[in-house]
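Structure first, commentary second.
The values are calculated or read from the model by the stated rules, or taken from the named source; none is laboratory data. Please read these numbers as outputs of a predicted model, since none were measured by experiment. Here Cβ is always computed from backbone atoms with ideal geometry, including for glycine, and neighbour counts include all displayed protein chains. Keep in mind that these areas ignore ligands, DNA and RNA; they rest on the heavy atoms of the full protein, side chains included. Shrake-Rupley method; radii C 1.70, N 1.55, O 1.52, S 1.80 Å.
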Amino acid sequence: MADFETPKFREYPVVPQIKEGEMAGDGPFVSRAEFDTDLGYPGELPEDWKEKTLDKMGDLLGRYRSLQVFMDSCIKCGACTDKCHYFIGTNDPKNMPVSRQDLMRKVYRRYFTFAGKYFPKLVGAVDLTEDVLDEWYNYYHQCSECRRCSVFCPMGIDTAEVTMAAREILANVGKAQKYSNQIIQKVYKIGNNLGLPGPALEGILEDLEEEVEEDTGVPVKYNMDKEGCDALLMTPSADFFAEPHIDGLIGYGKVLHELGITWTVSSEASEAANFGLFIGSYDNIQRVSMRIREAAIKLKVKRIIFGECGHAWRVAYSFLNTLAGPFDFLDQNYPIPQHILEVTYGALQEGKLRMNKEENDHLTMTFHDSCNIARASRMGDYPGGQFDIPRAVIQAACNNFVDMDSDTIKDATFCCGGGGGLLTDDLMELRIKGALPRMEALKQVTEESGVTNIAAICAICKSQFTKTLPYYGFEMDAIMSVHQLVSEAIVMTGSEQEKDLDGTDEEEAES
Amino acid sequence: MSAFYALLFTVAFLVLIIGLTKKIIQYSRVPAPLKIPVTPAPLTKGGVAIRLAKETILFTALFRSNKWTWLFGWLFHVSLFVVLLNHLRFFIKDVPLPLVLLQNVGEYAAFTMFIGLAGLLIRRIFVARVKYISSPSDYLWLILLMVIGFSGIVMRFISHTDIVAVKEFSLGLLAFDWQALPTDFPLMVHLFLVAVLMILLPFSKLLHIPGLFFAPTRNQVDNPREERHIAPWAAELDAEKNKAQPK
Ligand code: HEM
Ligand code: SF4
Ligand code: SF4
């Protein structure tokens, strides 16, 4: 494995000791000019970087109320200090949310407040130097923008907002992160994060159709660029090939087929993810979002449905209407956009889907709430629907379900450790260490309640789990998609499964 | 001496009001371009009012977060609130009955306030994580408030001050008719530090008072699918883009 130690499970979750400098370093790979310029950034440190940094900071303070208020209102109460999974996993005090904010707040105070201009020592203000920028780069790339800290902050301070602003400022002085910028550039050039070209995608979808028909005897369609379908499916590109993501995609197809909803993906907008969010760039979030609008118009669909992806759902639910609306050309009888879980859950409520839960009897499931869905969006028509709907769908597909410790689920969920643009190999140490609290909670339910598998509804979580689970002594394939469970249990009309079930009943009746 | 204090308080009052107003205007002018309430969030404005009221009165998030900090922090703030109410009698000629009644309980609020502050100070000094995030001003605020509280307790229970004269002084301040102030030491300290607090408040972390209400994470309604939410600068950006590439 790698040259760091996987953290040990703690006896019981005691508050960690602080170890200064534990995660000091250079941070992830810095982007190259070729990726940056497409996104509107200079790609190198300009000579007047200091003015540029302060200008950009002033600019953002004037654009984002969140940033302006949060810079002032922290009371240093310390309530957030033990809430971040990266602090818990690394013990580095600069990973305490308030210290992370302070990296910027110290500069804010020095240049933008009376107290910091005249009494810097008293209020802990510091001069802006290149070292300060380097420290920003390192520690603002140790935050997954998960918002857990904001739930516990009496002032509602969301460190994710500060992190996004910091990354935007850094990018403007040539210190953007390679991983995120390269991916956004691929989205612009090719259409998705992975750089899968249209023909490759089409081949994959054709294979899926064959596979599903072989399994079930039902000709479920996985269309690409087909005009005039009911719905445009926006799903993270990992769903097209990664495990267990693709099993989820198979599941969406089966559900939509059974409900008679025709759908297609778009080769030009073959990616639900929006890394513009991670780098804090309004411009880029909008540019990535506009592809969805354009695809929906071009393919003449009536609905937009999103697959299982955490931050994509945040951007879709919370921002899409604002950034790329109004969607007056879509059918207004459905939520715009709608989550695939809302579709499945609604159909289950109406008794439109037949499920054979016994297919999943060998599993005891638990559920990992993804941060962006739990704390930055909603499903259904009441607050907290984002917690109940996935659980209800899992329980409709599987008889055995156990929740993890209540301090680690729902709006107190711990990040998987790989969100916010950190799902890159050059941050592996951070990713493994940051997974500690989630792994501990999982360990507890495996020991106490015999949980075998954990389901998630986020492409990043799923990829991150396949990496972290082995480090902590679990099986890599313990992570599943929620619609993978649905896919196993669903009994489509006219399928082999239906014949088996109904046939078996008759045989039993005869004997 | 009296003139100095009268002047000090007039200045302090102006700085406090102008400083806070400027900050509030600044906060309300800066747009909040995207919907970012921390969910689950209320679906209506009424729901948001309840959410904010609970945070302000009960410190709900802090309660979930850390019971000790909540205990001391809440004790301090509630006591401070009672103490402030009690001080109203210096500024109202005929004290209304509720305030008179409150005085009986209010006497002890100074002690609970002191206990709360002491608890917070101890936490700040002895909990390594909190110590790590503290700068000198964080300790000084607590000490400042403790000295204000302590000097108040001294006047109330040990070396009494001529309250009638103090009331004449404060009423005089309001009427711009400066009166003589008793000059005993605890009162001098008490009033001087209160003025310092008023002057520094708009430049300090005590901006958490308006800040709490302006946090978009707490004060936004969760309805982004139903309503678009476009900040003025974002609308300008949109207009520019549409001009650049007409559809
Ligand atoms: C709307 C009214 C207010 C609310 C909702 C509020 C809320 C809070 C909360 C939640 C904390 C953090 C917990 C703690 O450490 O106690 C805090 C800290 C603090 N507040 Fe307030 N506050 C309010 C008004 C005031 C006022 C009027 C003052 C003083 C003049 C004040 C002074 C402080 C101080 C000094 C701290 C820091 C305590 C420490 O250092 O640990 N607050 N406030
Ligand atoms: S947003 Fe999440 S990762 Fe970032 S500081 Fe807060 S708890 Fe940590
Ligand atoms: S909980 Fe909020 S107010 Fe308290 S120290 Fe952390 S960021 Fe500051």
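For the stretch A:433-453, which residues satisfy the criterion of being part of a helix (DSSP H, G or I) and over 21 Å from the mean Cα position of the chain (by Cα)? Let's see the steps before the verdict.
Step one: of the stretch A:433-453, the residues part of a helix (DSSP H, G or I) are A:433-434, A:436-449.
Those that are part of a helix (DSSP H, G or I) and over 21 Å from the mean Cα position of the chain (by Cα): A:LYS443, A:GLN444, A:VAL445, A:THR446, A:GLU447, A:GLU448, A:SER449.
Counting only residues that are surrounded by 17 or more Cβ atoms within 10 Å (Cβ to Cβ) and of a type in the set (Lys, Arg), which one in the stretch B:13-35 is nearest to the chain's Cα centre (by Cα)?
If we take residues in the stretch B:13-35 being surrounded by 17 or more Cβ atoms within 10 Å (Cβ to Cβ) and of a type in the set (Lys, Arg), then B:LYS23 is nearest to the chain's Cα centre (by Cα).
Please work out which residue is farthest from the other protein chains (Cβ to nearest Cβ), limiting yourself to the stretch A:351-403 and to residues that are open to solvent by less than 10 Å² (accessible area, probe 1.4 Å) and in a loop (DSSP other than H, G, I, E, B). Let's see the steps before the verdict.
Here is the first cut: in the stretch A:351-403, the ones open to solvent by less than 10 Å² (accessible area, probe 1.4 Å) are A:360, A:365-370, A:373-377, A:379, A:384-386, A:389-390, A:393-394, A:397-398.
Narrowing the set further to residues that are in a loop (DSSP other than H, G, I, E, B) leaves A:368-370, A:377, A:379, A:384, A:398.
On the way: A:HIS368: 17, A:ASP369: 11, A:SER370: 12, A:SER377: 6, A:MET379: 10, A:GLY384: 4, A:CYS398: 25 Å.
Ranking the candidates gives A:CYS398 first.
Do the conditions hold for A:GLY40, that is, is it surrounded by fewer than 18 Cβ atoms within 10 Å (Cβ to Cβ), more than 16 Å from ligand 2 (Cβ to nearest atom) and at positive phi? Working first, answer last.
Numbers: surrounded by fewer than 18 Cβ atoms within 10 Å (Cβ to Cβ): yes; more than 16 Å from ligand 2 (Cβ to nearest atom): yes; at positive phi: yes.
Yes.
Quick one: which of A:VAL126, A:VAL132, A:VAL162 is closer than 21 Å to B:ILE133 by Cβ and either in contact with a Leu (Cβ under 6 Å, 6 or more places away or on another chain) or buried (at least 23 other Cβ atoms within 10 Å of the Cβ) (or both)?
Details: A:VAL126 fails: either in contact with a Leu (Cβ under 6 Å, 6 or more places away or on another chain) or buried (at least 23 other Cβ atoms within 10 Å of the Cβ) (or both); A:VAL132 fails: either in contact with a Leu (Cβ under 6 Å, 6 or more places away or on another chain) or buried (at least 23 other Cβ atoms within 10 Å of the Cβ) (or both).
Every option except A:VAL162 fails the conditions.
Looking only at residues in the stretch B:101-116 that are open to solvent by less than 20 Å² (accessible area, probe 1.4 Å) and at pLDDT 95 or above, which one is nearest to the other protein chains (Cβ to nearest Cβ)?
We begin by selecting, within the stretch B:101-116, every residue open to solvent by less than 20 Å² (accessible area, probe 1.4 Å); these are B:106, B:109, B:113, B:116.
Adding the requirement that they be at pLDDT 95 or above leaves B:113, B:116.
Working: B:MET113: 17, B:GLY116: 13 Å.
Looking at the filtered set, the residue picked out is B:GLY116.
Any residue that is surrounded by fewer than 24 Cβ atoms within 10 Å (Cβ to Cβ), assigned by TED's automatic domain parsing to the domain that holds A:ALA324 and assigned to a helix (DSSP H, G or I) - is there at least one of those in the stretch A:263-283?
Yes, because at least one residue in the stretch A:263-283 is surrounded by fewer than 24 Cβ atoms within 10 Å (Cβ to Cβ), assigned by TED's automatic domain parsing to the domain that holds A:ALA324 and assigned to a helix (DSSP H, G or I).
Would you mind finding the one in B:ASN66, B:ASN86 that is in contact with an Asp or Glu (Cβ under 9 Å, 6 or more places away or on another chain) and within 14 Å of chain A (Cβ to nearest Cβ)? Show your work before the answer.
Working: B:ASN86 fails: within 14 Å of chain A (Cβ to nearest Cβ).
The conditions single out B:ASN66.
Could you list, in sequence order, all residues of the stretch A:68-98 that are β-branched (Val, Ile, Thr) and within 7 Å of chain B (Cβ to nearest Cβ)? Outline the logic, then answer.
Restricting attention to the stretch A:68-98, the residues satisfying the condition of being β-branched (Val, Ile, Thr) are A:69, A:75, A:81, A:88, A:90, A:98.
Of everything in the stretch A:68-98, those that are β-branched (Val, Ile, Thr) and within 7 Å of chain B (Cβ to nearest Cβ) turn out to be A:VAL69, A:ILE75, A:THR81, A:VAL98.
Which residue pairs have Cβ atoms closer than 9 Å, lie 6 or more positions apart in sequence or on different chains, and pair a first residue in the stretch A:479-491 that is under 7 Å from A:GLY251 (Cβ atoms) with a second residue that is open to solvent by 10 Å² or more (accessible area, probe 1.4 Å) and part of a strand (DSSP E or B)?
Going by the 9 Å Cβ cut-off, the qualifying pairs are A:VAL486/A:MET355.
Restricted to the stretch B:117-162, and to residues that are within 12 Å of chain A (Cβ to nearest Cβ) and not in a helix (DSSP H, G or I), which residue is most open to solvent (accessible area, probe 1.4 Å)?
So the residue we want is B:VAL127.
For B:ASP184, are the conditions met, namely being in contact with a Ser or Thr (Cβ under 7 Å, 6 or more places away or on another chain) and surrounded by fewer than 19 Cβ atoms within 10 Å (Cβ to Cβ)? Working first, answer last.
Values: in contact with a Ser or Thr (Cβ under 7 Å, 6 or more places away or on another chain): yes; surrounded by fewer than 19 Cβ atoms within 10 Å (Cβ to Cβ): yes.
Yes.
When you check B:TRP70 against the structure, is it within 16 Å of ligand 3 (Cβ to nearest atom) and closer than 30 Å to A:LEU60 by Cβ, yes or no?
no
Which one is farthest from A:THR129 (Cα to Cα) among residues in the stretch A:47-67 that are open to solvent by 10 Å² or more (accessible area, probe 1.4 Å), part of a helix (DSSP H, G or I) and at the interface with chain B (Cβ under 7 Å from one of its Cβ atoms)?
A:ARG65
Can you pull out every residue in the stretch B:214-234 that is closer than 19 Å to A:TYR282 by Cα and either open to solvent by 20 Å² or more (accessible area, probe 1.4 Å) or of a type in the set (Asp, Glu) (or both)?
If the condition is that a residue be closer than 19 Å to A:TYR282 by Cα and either open to solvent by 20 Å² or more (accessible area, probe 1.4 Å) or of a type in the set (Asp, Glu) (or both), then B:ARG225, B:GLU227, B:ARG228, B:HIS229, B:ILE230, B:PRO232, B:TRP233 are the ones that fit.
Scan the stretch A:133-156 and report the pairs whose first residue is more than 30 Å from B:LYS67 (Cβ to Cβ) and whose second residue is open to solvent by 10 Å² or more (accessible area, probe 1.4 Å) and within 15 Å of ligand 3 (Cβ to nearest atom), with Cβ atoms within less than 7 Å and a gap of 6+ or a chain change.
Every condition considered, the pairs that remain are A:GLU135/A:LEU103; A:TRP136/A:LEU103.
For the stretch B:108-122, name all the residues that are without any contact (Cβ under 8 Å) to a residue 24 or more places away in the chain and within 19 Å of A:LYS76 (Cβ to Cβ).
The answer is B:ILE122, and nothing else.
When you check B:VAL127 against the structure, is it closer than 30 Å to A:PRO16 by Cα and either touching a Cys at 6+ places or on another chain (Cβ under 6 Å) or β-branched (Val, Ile, Thr) (or both), yes or no? Talk me through it step by step, then tell me what you get.
Details: closer than 30 Å to A:PRO16 by Cα: yes; either touching a Cys at 6+ places or on another chain (Cβ under 6 Å) or β-branched (Val, Ile, Thr) (or both): yes.
Yes.
Just need a number here: residues in the stretch A:135-147 that are open to solvent by 10 Å² or more (accessible area, probe 1.4 Å) and within 14 Å of another protein chain (Cβ to nearest Cβ).
Total satisfying the criteria: 1.
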